[in-house]
Each structure stands twice: as structure tokens, then as C-alpha cells.
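Report on the following structure.
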Amino acid sequence: MSSTLKGAVGVALIFILGAITGAVVTDHFERPRIGPGDPQAMERQMRESMVRDLQITDEQLPAFNDIMDEKQVFFLGIIRETAPRVDAGMQKINRKLYEIFTPEQRARFEEMEKRRREDMRKMSESGRNKTGERRAPQ
């Protein structure tokens, strides 16, 4: 992949993640919170919100869903490709943080990281079927 394409994908990913974050923050007080580890619920909520807010018609809905399914497959591919690099970077940063923490802070930080890893494991598993393959987007 060319560096220009990588840059464009990176910018698009940041924009989409920002939009999702804005939608979640905006809807935080209107809807019950979806806990970590439930990407299908997050995707469903985002789609419902877009259909409602953009007033997607019944005629547009099949094409809208096809495009959103394509988007989901695209971004899952990017996440799979970049996950090892992100994980390595997080480990490096966490080691640096650990060096400056007091023993009490280290213990709390270890618990926080344990919960984060568990949440990430749940998210990863919830996106797979019993054979370990990625589920088709809903």
C-alpha cells in the first residue's frame, strides 16, 4: 500500500472514529450505555442513529446496509493489520508509565490493564463465531 493511500486511510479512520465518539457522547444521556465487549450492539446503535437522524427511506435502506457492511469489513481488516503494532506501542508506553508510578499506583494500574485486556478479549470474541471466524456484519 502506498504511503499516500496509508495516509488517506489513517485520516479516514480518525475521522470515522471521531464521528463515532461524537455520536456516542451526544447520545450518552439519551440512551442506556452499552458496555465494553459488545461491538455488534455499538454497530447496531450507530446504524439506527444514522437511519433515524438522516431519515433513510425504506428504498435507501438495502443500499445503506450494504455500504455499512462494506465499511465494517474494511475497518475490521485495518484493525487486524494494525493490532500488533498498537499492542507493541501500548506495552512500551505502559512500561514507561510503570517506572514513574508508586507501588500503590502500579497495583491499581495493573488492575486497570487487566480489565482493559479482558474487555478487548470480549470484543474480539464477540466478533467471531464458534469456529473462530469473523461473523458477517449485521
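Odds and ends about this structure:
- Annotation: amide H of PHE101 has no partner in the under-5 Å range at sequence separation 5 or more or interchain, hydrogens built in the peptide plane.
- Spin-label pair GLN105/THR82, simplified geometry with 7 Å Cα→Cβ offset, distance in nm: 2.8 nm
- Averaged over residues, the count of other Cβ atoms within 10 Å places the peptides 97-109, 44-56 in the sequence 44-56, 97-109, highest first.
- In order along region 53-65, the Karplus-derived 3J(HN,Hα) couplings, from 6.51 cos²θ - 1.76 cosθ + 1.60 at θ = phi - 60°, round to 5, 8, 6, 4, 7, 4, 5, 7, 4, x, 5, 4, 5 Hz, and Gly and Pro are given as x.
- Phi-based couplings in Hz for region 77-86 (Karplus 6.51, -1.76, 1.60; Gly and Pro marked x): x, 5, 4, 4, 5, 9, 4, x, 5, 5
- Inter-label distance for GLU113 and ARG44, nm, one decimal - labels placed 7 Å from Cα along Cα-to-Cβ: 3.5 nm
Taken together, the values in this text are just the output of simple stated rules run on the coordinates, not laboratory data. This is a predicted model, so every value here is computed, not measured. Positions of Cβ are backbone-derived with ideal geometry, glycine not excepted, and every protein chain shown enters the neighbour counts.
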